[in-house]
């Protein structure tokens, strides 16, 4: 009899997902056209109106869901992380996918007659998969950006010394630097050409690339434009500081390699031992899964294991 509610729930879930994508079909292109027209209309806005205007981001292709998400702060944070990872999916699609995976985990647990708590844990694990993918892509993209960022700053400074204008130097970096460094400078150049104030375009860059070094770069430019000074020399010093930080970080990775390896072994050792025991003698671990005290011990062990991993991670992470 358990198959009947499961089948009904699956059909309802498929109907909701199908209806969502049917409603969103064809809206993406229209939303992109509206966004471009809105950016062109920004020429006629005052600088004070620009920040409020730029906050009107499309969080979902479905108008009703977009209005609901626009009132939730967490939706804006998710949208920011998606843009930092350079993923072209709306927040509504991301949340819907996460919820579908959550219910898939629970349904699979009920079909396989797992304990309720285990089904919920599996559902939460699947719920976090899209967020984990976004986090991995975000870290990789920021790492690629920072690998070329000092070189981009040096090219920017050399271009200023050669007599190019500020926007010309930005355009040169956008054309010569690889992805994602070049495209980020290209966005600043294009936004300024469309009429967005330079200050807002640079702040938008710090929002898309959430790195302290980029904030230093933008802050130095904004201060120099207000107080004056040799911008090329300032940029060269920032590039030198960034390269020195990279050198120190490389040394720290060498010094903490043994501690990081120890933490990894301590984290994986209990799981490996449990898998080996389960393969060699399955009946030996049954009390842990089917007895109340055993499940409590497993939960306590997982909590302590996570706490130990976080403590080791805190010890070996040294910020510069």
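The values are calculated or read from the model by the stated rules, or taken from the named source; none is laboratory data. In this text, all values refer to a predicted model and were calculated from it rather than measured experimentally. Cβ placement follows ideal geometry from the backbone for every residue including glycine, while neighbour counts extend to all protein chains displayed.
Failed condition for residue 67, given (1) part of a helix (DSSP H, G or I); (2) in contact with a helix residue (DSSP H, G or I) (Cβ under 9 Å, 6 or more places away or on another chain); (3) at pLDDT below 85, with all others met?
Checking residue 67 against (1) part of a helix (DSSP H, G or I); (2) in contact with a helix residue (DSSP H, G or I) (Cβ under 9 Å, 6 or more places away or on another chain); (3) at pLDDT below 85, the one that fails is (2).
Only helices (runs of 4 or more DSSP H) wholly contained in segment 243-316 count here; list those with 1 or more residues that are closer than 19 Å to residue 117 by Cβ and within 34 Å of the chain's Cα centre (by Cα).
It comes to 257-280, 292-316.
Residues in segment 128-147: is at least one more than 30 Å from residue 238 (Cβ to Cβ), surrounded by 17 or more Cβ atoms within 10 Å (Cβ to Cβ), touching a helix residue (DSSP H, G or I) at 6+ places or on another chain (Cβ under 9 Å) and not assigned by TED's automatic domain parsing to the domain that holds residue 175?
Yes, because at least one residue in segment 128-147 is more than 30 Å from residue 238 (Cβ to Cβ), surrounded by 17 or more Cβ atoms within 10 Å (Cβ to Cβ), touching a helix residue (DSSP H, G or I) at 6+ places or on another chain (Cβ under 9 Å) and not assigned by TED's automatic domain parsing to the domain that holds residue 175.
For segment 172-188, check the following and say yes or no: at least one residue is within 17 Å of residue 222 (Cβ to Cβ), without any contact (Cβ under 8 Å) to a residue 60 or more places away in the chain and more than 24 Å from the chain's Cα centre (by Cα).
no
Checking residue 113 against (1) at negative phi; (2) free of Cβ contacts under 8 Å to residues at least 24 places away in the same chain, which test does it fail?
Just one mismatch for residue 113, condition (1).
Name, by its number, the condition in (1) within 22 Å of residue 140 (Cβ to Cβ); (2) modelled with pLDDT of 85 or more that does not hold for residue 293.
So residue 293 meets the others, but not (1).
Would you mention how many residues in segment 183-216 are part of a loop (DSSP other than H, G, I, E, B) and farther than 21 Å from residue 237 by Cα?
Total satisfying the criteria: 4.
Is there any pair linking a residue in segment 227-245 that is in the same structural domain as residue 155 (by TED's automatic domain parsing) to one that is not in a helix (DSSP H, G or I), with Cβ under 8 Å and at least six apart or on different chains, and which?
Note: pairs meeting the criteria are 245/320.
Mind checking which residues of segment 167-182 are surrounded by fewer than 16 Cβ atoms within 10 Å (Cβ to Cβ) and part of a helix (DSSP H, G or I)?
167, 168, 175, 176
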